[in-house]
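Okay, structure first, notes after.
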Amino acid sequence: MSEFWPKLTPGYPRDLPAWQALVEHVNGPIASTSMATLFSRDANRVRRFSQKAGDIYADFSKNRINTTTWRLLLALAGEANVEAWRDAMFAGEHINTSEDRAVLHTALRARPRERFRDGGQNATRAVHAVLDAMGAFVNGVHRGRIVGSKRKPFTDIVNIGIGGSDLGIVMAVKALEHHRGKRPRVHSVSNVDGTQLADLKQSLNPATTLFVICSKTFTTQETMSNAAEARRWIRRTLGDAAVQRHFAAASTNHAAMDRFGINPEYRFGFWDWVGGRYSIWSAVGLSVALAIGMKNFRELLDGGRTMDRHFRRAPLRENLPVTMALLAFWYNQFFGAETQAILPYDNRLDRFPAFLQQMQMESNGKSVRIDGAPVTVETGMVIFGEAGNNAQHSFYQLLHQGTRVIPVDFILPARSSGASRKAQRLAVANCLAQSQALMLGRSATEVRASGITDPVDIAQRVHSGNRPSTTLVFPALTPSTLGQLIALYEHKVFVEGVLCGINSFDQWGVQLGKVLAKNVEKRLANPRKTEALDASTEALLATLRKLGV
Ligand code: F6P
């Protein structure tokens, strides 16, 4: 473990003075004071509990906090050494201790003159060399200099990858569709069952299709299986030599790209200090750049950099990622909140919650601390979400009248990314009305005043209110604001991990399933020559065999 890393106390964070004070505080009046009352007592509440970072204005006044809560949470961040951990990350310290790696996704969005180093390596210089190579490739595709084996320009890009090599791409390509113009369409293939590629093969012309294989390791079963099938299709339809013209790749594993037959000029590297779920900023973003152009892709990077500068420089009390982490921690630890809803009011952001699921849950779904001791607190909350009004007609009932505390993040661009002002007014009105309804609720008296008299009918119409939400507002969905949003949540997740005492940058919990899947597959293929598995799995295999697996 790096010497730099502040040592954790045995009961961390429970034995920090601020934790003890928060326990006393939460057992006091704050638990029973409604947000409506807190507003009525403090004319400055909105000013006090709102922040701005880059283009993002955050209203967190509709949270169950008062000035004491806020003071104690900030004290906790101080005692947890959040600033030291943050500085260690930016300095290239190996804060991913279990893999002995630096965590330098922030270097991916740095300007050339900014200094980021991994040991003796100049990370910024390496990053910009790859960005320049990506730029030449992307422009070549867009201007028809880089074409398929039949000399036809590419009309369709198929990104093959999974997890961090897929979710960010799918999310960003959809979010920025209004920046695509006449550039190629981008599709994605991730799942191991092969149906996504099977469907695409029905409609795509191989002669005008470019596959982009994204895999940090270039060994991931799902990706390699889909990539092999795509290569069979290209060989069958266009001949063996076409592979060199119809496949590009982003990976840290150059030898594996060689073996696959990736054209040396169509491959883009990155480094072990880029975590999979933080890799959209690296060569993994190639398909995004092919969709929106390199200029827009660089604006996305710049947006991330804007948030990095804020996170790095703003004092804790004005630091938006820190604030969001502290609020999540407050509800997770002190209100028993197990989930958090992410609700964007722009349909183009409808894959943003899925993207955040990996970022949050793969990062902070841990039960062992960075020093190997068991965690003493609840780790990352379960993230779920959907685009605004669609979700209103699906699970908002639970948010308004369920028994659990579910903090909400509303994400709201002011201007539409393509529809009419009238439609946008409806989206804005719905978003703000929902945050209002969650906070204010509807009392029995108010229900009665609307003319309802039956006590059962009244009881069922009461909304308890006092349900927390944060609203993030920004001018419009652009590459820059999307970059800011992504980086905001990246840093929020990191700070939450620090507060829990965990390493947010490894993911050992996904390994076991991968190993066992190989055993099950062997058993499925060859039951005579393999050892029996557990009784339940054997029974399931027998049933599936009868059903024709
Ligand atoms: O699911 C585990 C994981 O390692 C993720 O962290 C990663 O994003 C994904 O698999 C894909 O890995 P690779 O990019 O190496 O194919």
By residue number, the members of region 158-184 that are more than 13 Å from the ligand (Cβ to nearest atom), more than 21 Å from SER480 (Cβ to Cβ) and either surrounded by fewer than 23 Cβ atoms within 10 Å (Cβ to Cβ) or without any contact (Cβ under 8 Å) to a residue 12 or more places away in the chain (or both) are LYS182, PRO184
I'd like to check something: does region 228-236 contain any residue that is surrounded by 18 or more Cβ atoms within 10 Å (Cβ to Cβ) and within 16 Å of the ligand (Cβ to nearest atom)? yes
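More than 10 Å from the ligand (Cβ to nearest atom), at pLDDT 95 or above and more than 16 Å from ALA133 (Cβ to Cβ): is that true of ALA248 in this structure? So that I can check it myself, show each step before the final result.
Details: more than 10 Å from the ligand (Cβ to nearest atom): yes; at pLDDT 95 or above: yes; more than 16 Å from ALA133 (Cβ to Cβ): no.
No.
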In region 343-390, how many are open to solvent by 60 Å² or more (accessible area, probe 1.4 Å), within 19 Å of GLY497 (Cα to Cα) and in contact with a strand residue (DSSP E or B) (Cβ under 9 Å, 6 or more places away or on another chain)? 6
I'd like to know if region 291-298 contains one or more residues that are at pLDDT 95 or above, within 16 Å of the ligand (Cβ to nearest atom) and open to solvent by 30 Å² or more (accessible area, probe 1.4 Å). no
Can you tell me which residue is farthest from the ligand (Cβ to nearest atom) among those in region 188-206 that are closer than 15 Å to SER287 by Cβ and of a type outside the set (A, V, I, L, M, F, W, C)? GLN196
Would you check if ARG235 is farther than 18 Å from ALA133 by Cα and of a type in the set (Lys, Arg)? yes
Quick one: how many residues across region 244-268 are open to solvent by less than 20 Å² (accessible area, probe 1.4 Å) and more than 28 Å from LYS518 (Cα to Cα)? 3
Selection from region 3-41 of residues that are touching a helix residue (DSSP H, G or I) at 6+ places or on another chain (Cβ under 9 Å), open to solvent by 30 Å² or more (accessible area, probe 1.4 Å) and outside any helix (DSSP H, G or I): PHE4, ARG14, SER34
Examine region 485-501 for a residue that is in contact (Cβ under 8 Å) with a residue 12 or more places away in the chain and basic (Lys, Arg), and state whether such a residue exists. yes
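Out of curiosity, is ARG117 open to solvent by 10 Å² or more (accessible area, probe 1.4 Å) and either without any contact (Cβ under 8 Å) to a residue 24 or more places away in the chain or more than 29 Å from SER504 (Cα to Cα) (or both)? Give the derivation first.
Working: open to solvent by 10 Å² or more (accessible area, probe 1.4 Å): yes; either without any contact (Cβ under 8 Å) to a residue 24 or more places away in the chain or more than 29 Å from SER504 (Cα to Cα) (or both): no.
It is false that ARG117 is open to solvent by 10 Å² or more (accessible area, probe 1.4 Å) and either without any contact (Cβ under 8 Å) to a residue 24 or more places away in the chain or more than 29 Å from SER504 (Cα to Cα) (or both).
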The condition from (1) open to solvent by 30 Å² or more (accessible area, probe 1.4 Å); (2) away from the ligand (no atom under 16 Å from the Cβ); (3) in contact (Cβ under 8 Å) with a residue 40 or more places away in the chain that ALA429 misses is numbered (3)
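Listed here are the residues, each with its yes/no results for (1) modelled with pLDDT of 95 or more; (2) surrounded by 18 or more Cβ atoms within 10 Å (Cβ to Cβ); (3) among the charged types (D, E, K, R); (4) within 16 Å of the ligand (Cβ to nearest atom).
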{"residue": "ARG145", "(1), (2), (3), (4)": "yes, no, yes, no"}
{"residue": "VAL186", "(1), (2), (3), (4)": "yes, yes, no, no"}
{"residue": "THR208", "(1), (2), (3), (4)": "yes, no, no, no"}
{"residue": "VAL212", "(1), (2), (3), (4)": "yes, yes, no, yes"}
{"residue": "ASP240", "(1), (2), (3), (4)": "yes, no, yes, no"}
If we take region 479-549, then helices (runs of 4 or more DSSP H) inside it with 2 or more residues that are under 17 Å from the mean Cα position of the chain (by Cα) are 479-500
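The values are calculated or read from the model by the stated rules, or taken from the named source; none is laboratory data. This is a predicted model, so every value here is computed, not measured. Please note: Cβ atoms are built from the backbone with ideal geometry, for glycine as well, and neighbour counts cover all protein chains shown. Areas reflect the complete protein model, heavy atoms only, side chains present, ligands, DNA and RNA absent. Shrake-Rupley method; radii C 1.70, N 1.55, O 1.52, S 1.80 Å.
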